[in-house]
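So the structure is just underneath, and the comments pick up after that.
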Amino acid sequence: GMTLAKTEVFALVLGFFGLIGTIAVTALPMWRVSAFIGANLIVMEELWEGLWMNCYRQADFRMQCKVYDSLLILPPELQAARGLMCVSVVLVVVSLSVTACGTKRSSCCDDNTKGKNVTLALGGGLHLLSFLTTLIPVSWVAHTVVSNFYNPTVLDSQKRELGKALFVGWATSGVLLISGVILLFSYSRRRSKEEEPYADTHLMDVTDAPKDGSVYLERKPSSFYEHQQYLHIAPNPIIFVKGRYRSLSYTFDYVPNTILI
């Protein structure tokens, strides 16, 4: 009832935060940040690398950002992340729209309970899919950052640290996962309620045996029915013999006033 409706609204609110999160992660330039080690300590430079641009600041000067000239200059994990994060944003928008239509409080498909339940399940499934398309790129980039950081063959100037966008990405994917799970749980509860009215039904035993204390009245044919039976003449040929006519089934007295052709 009301609890289920409130749970669905809560999932919808979480999904909305998930949308804000995915947009923020996609836009933020802090996916990989420069590590202040070795020679970088003297120069005090800061470098942010994102999916669309990199930002650079030296000493106390204002940070300057520059959009990448080409997608091809990015490492493969950032190229994949750009595509997957765009897919995530689209998926969250679609899943929110579908979920909003499937919630109990919405007026969509009110006359079709089964259709509404399926819509909610679809919304939940899309939330889980967006969770994956957000988690995979964030974790992939984080893995390459960490493995490069501890790789002795990589120069110190090339080493990066985990940026804030990655942590926001993990939090966002968690929110999308929780939202999807809540919606699918709500769907399963709705399904069980949908089947409840039929759970107690069973086939009645067919028996002719009278029960104790019961009065059974024998059904008799009506007088109209009997009259019809009396007047019914089978479709057999009628033979006329000496003032009487005879059918093969019945014999009737001949009425003198009847005109016979």
Measuring from label point to label point, each 7 Å out along Cα→Cβ, what is the PHE167 to PHE149 span in nm? 1.2 nm
A correct Karplus calculation of ³J(HN,Hα) over region 77-82, with 6.51 cos²θ - 1.76 cosθ + 1.60, θ = phi - 60°, whole Hz and x for Gly and Pro, returns 5, 6, 4, 5, 4, 4
Amide H within-cut-off set for MET53, under 5 Å, with H built and near neighbours excluded: TYR68
How do GLU161, GLU49, GLU8 rank by accessible surface area computed with a 1.4 Å probe, from largest to smallest? GLU161, GLU49, GLU8
What is the packing order of peptides 174-184, 147-157, 71-81, taking the mean over residues of other C-beta atoms within 10 Å and listing the highest first? 174-184, 71-81, 147-157
Taking placed amide H atoms and a strict 5 Å upper bound, the residues 5 or more places from LEU28 or on another chain that come that close are none
Once amide H atoms are built 1.01 Å from N in the peptide plane, which residues 5 or more positions from GLU161, or in another chain, come under 5 Å H to H? VAL33, SER34, ALA35
Determine which residues of region 5-32 fall in the zone a paramagnetic label at ILE136 would reach in this model, i.e. backbone nitrogen under 18 Å from the point 7 Å along Cα→Cβ. 22-23, 26
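The values are calculated or read from the model by the stated rules, or taken from the named source; none is laboratory data. Predicted, not measured: the structure shown is a model, and the values here were computed from it. In this analysis, Cβ positions are derived from the backbone assuming ideal geometry, glycine residues included, and neighbour counts consider all displayed protein chains. Side chains included, ligands, DNA and RNA excluded: accessible areas come from the protein's heavy atoms. Shrake-Rupley method; radii C 1.70, N 1.55, O 1.52, S 1.80 Å.
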